[in-house]
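This report concerns only the one structure given below.
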Amino acid sequence: QAWPQLAGLYEQTLQQSADARQLQEIVIEYDNVYGMAFYEQSVVEAFPDAPLVSYIELLRALRLDNNSKPTLTQAQLEASKPVFEQSQKLPLWRDLQLNLWLATENYAAIIQAVTPAQKLAVHDTLALSEQVLYGEALMGQKNWSAARDFWLQLLKLSQDNEQQQYVQAKLAATLVYSGDVAAVFAPESAVTNLRFRSQILKTQASPELLRQQAVHGPNNEERTIALHTLLVRDLTENRFGDWLNDRKLASAITPPVIGDAFDDVNLSIFDWNGDAAERGYTCRSLNETVTVLSKKADDAHALNCLGEFFRTTQTHVDLWKNSAGNDVLESAISRKEPFGQFDRQRYYQQVITSPKAEVEDKSFALYRAIMCYAPSGSNECGGEEVDKLQRKGWFTQLKTQYPGSPWAQKLKYYW
């Protein structure tokens, strides 16, 4: 556990790596050693003769804890400064200082210390970091217009594609936070990354904006994402007439995008013909089902069949597939109740309480409502969970009022 001496050895080895593969191997080894050694405690002082390793470990100490506070204090950072001075690595220490100010929300100090760049050297990570911290300070102050202009300028300065994608996420988040979602999809938008645009379409776009991008999106991929999101939301938000019209927009996408990377937005799912519905309960196609609901939104049989569509396809607006690696954008697009999540239970409850529902439809709705909790006892149908007493009531109603139905005979438990 001679950590200072070991730090010096790693410092030397990291700098002597012959190629990327050797560097990767030593980085993994280093991270396993120091990451595990200091898993529950952080290094809060610099190692003599090892400024790079000191920088890495002090950065680790800047990670926010459960109370959103960094482990590293200003006094500890000041005490580490001589190590960086003696090795002529003060830019590393300056970066730590800027990061500490960001972690402690001292945005004004960052803005005072950093001058927006007029040019940016290629592959100068520290220079980019300083500029990014300046932009994040503007965002921390909620100075959205200044942050937007700054990210746009930084995008023009950067000559590195990976840096540009990173800055695009910052710009996209700034536009979302400022309420200017439409700017992300303007013809000359600097946010061109499909991943970021997709997540914003799925979480922030209005139906009107989704229709716009379904027709005029810059490529078939985005048009497919926009239309799939729109069609799911039409269904989950009970816009059945709109769904029938919006379905026709698929003609603008030639051809719709398919493949593993886009299986969450496969438009062919809406060709559902009803054959997959529960055996013994006949459903027509999704198109016919929605046509009925567009004329009579409380039609019990059509509501049950819409539930069968969602049950058998699990169709929803999927945010998980592209949820990692979006930086601050992930926080910007977060919604307590995301759009496009199905709630089959709501259809069943509507049919159960309907005085007009036929015996076949009401008994099936009772069966399906109870089966939402099979076998775990947790709701798998969407919407708010109902308690076991309510499920017992549905079970009793099915068994006593509809004892001859196949659904009463099939159901043995409530969960």
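The values are calculated or read from the model by the stated rules, or taken from the named source; none is laboratory data. None of these values were measured; they are calculated from a predicted model. Counting neighbours? That spans all protein chains shown, and the Cβs are built from the backbone with ideal geometry, glycine included. The accessibility values were calculated without ligands, DNA or RNA, using every heavy atom of the protein model including side chains. Shrake-Rupley method; radii C 1.70, N 1.55, O 1.52, S 1.80 Å.
Taking the average, over residues, of other Cβ atoms within 10 Å as the packing measure, peptides 118-126, 147-155 rank 147-155, 118-126 from highest down. Mind telling me which of VAL257, VAL53, VAL184 comes out most flexible in a GNM of the chain, alpha-carbon contacts under 10 Å? Answer for the Gaussian network model of the chain: VAL53.
Rounded, prolate or oblate: pick one for the stretch 30-76, where a ≥ b ≥ c are the square roots of the eigenvalues of its C-alpha gyration tensor, a/c under 1.5 means rounded, and failing that, prolate if a/b is larger than b/c, else oblate.
Oblate, because a/c is 1.5 or more while a/b does not exceed b/c.
From largest to smallest, the equivalent ellipsoid semi-axes obtained for the stretch 115-242 from the alpha-carbon gyration tensor read 32, 15, 10 Å. Distances between placed amide hydrogens fall under 5 Å for GLU385 paired with no residue 5 or more residues away or on another chain.
To the nearest 10 degrees, how steeply does helix 125-140 sit against the main Cα axis of the chain, on a 0 to 90 scale? That helix lies at roughly 50 degrees to the long axis. Ranking LEU171, VAL265, ASN304 by how far each Cα lies toward the positive end of the dipole of the stretch 167-319 (charges on Cβ) leaves LEU171 at the top. Between helix 90-103 and the chain, what is the angle of the helix's C-alpha long axis to the longest principal axis, kept within 0 to 90° and rounded to the nearest 10? The angle comes out at about 40 degrees.
Relative to the longest principal axis of the Cα atoms of the chain, helix 51-60 runs at roughly 30 degrees.
Ellipsoid semi-axes for the chain, based on the Cα gyration tensor and the rule √(5λ), read 54, 27, 18 Å when sorted largest first.
Roughly speaking, what is the stretch gain from LEU90 to LEU59, that is 0.36 nm per residue apart minus the C-alpha to C-alpha distance, in nm to one decimal? The partial results should precede the final answer.
On the way: separation 31, 0.36 × 31 = 11.16 nm, distance 1.45 nm.
Length gained between LEU90 and LEU59: 9.7 nm.
Using a probe of 1.4 angstrom and keeping all protein chains present, the accessible surface of the chain works out to 51 square angstrom per residue. Relative contact order (percent) for the stretch 151-250, with alpha-carbon contacts under 8 angstrom and 6 or more residues of separation? This gives 17 percent for the stretch 151-250. Taking all Cα pairs closer than 8 Å and separated by 6 or more residues, the relative contact order of the stretch 27-167 comes to 16 percent. Report note on the peptides 279-286, 59-66: ranked by the mean count of other C-beta atoms within 10 Å, highest first, their order is 279-286, 59-66.
When only Cα pairs below 8 angstrom with a gap of at least 6 residues are kept, the chain shows a relative contact order of 9 percent. Express the carbon and sulfur contribution to the solvent-accessible surface of the chain as a percent, rounded to the nearest whole number, probe 1.4 angstrom. Carbon-and-sulfur percentage of accessible area, whole number: 49. Estimated from helices alone, the mean residue ellipticity of the chain at 222 nm is -17500 deg cm²/dmol (sum of -39500 (n - 2.57) over DSSP H runs with n ≥ 4, per residue).
Straight-line reach from LYS69: taking Cα to Cα under 22 Å and skipping same-chain neighbours fewer than 8 places apart, the lysines in range are LYS81, LYS142.
The count of lysine pairs in the stretch 293-415 whose Cα atoms are under 22 Å apart, excluding pairs fewer than 8 places apart on the same chain, comes to 18. If you run the Gaussian network model on the chain, springs between alpha carbon atoms under 10 Å, then out of VAL265, VAL114, VAL215 the most flexible one is VAL114. Quick one: Debye curve from the C-alpha atoms of the stretch 62-175, no solvent, what's log10 I(q)/I(0) at q = 0.17, 0.19, 0.23 Å⁻¹? Evaluating at q = 0.17, 0.19, 0.23 Å⁻¹ gives log10 I(q)/I(0) of -0.88, -1.05, -1.31.
Please sort by residue number the chymotrypsin sites (Phe, Trp or Tyr not before Pro) in the stretch 1-64 whose DSSP state is loop and whose Cβ has at most 11 other Cβ atoms within 10 Å. Kindly include the intermediate steps, with their values, before the conclusion.
On the way: sites: TYR10, TYR30, TYR34, PHE38, TYR39, TYR55; in loops: PHE38, TYR39.
Those satisfying the criteria are TYR39.
Taken one residue at a time, the phi angles of the stretch 18-30 give Karplus couplings (6.51, -1.76, 1.60, θ = phi - 60°) of 7, 8, 4, 5, 5, 4, 4, 5, 6, 5, 4, 4, 4 Hz. Gly and Pro are set to x.
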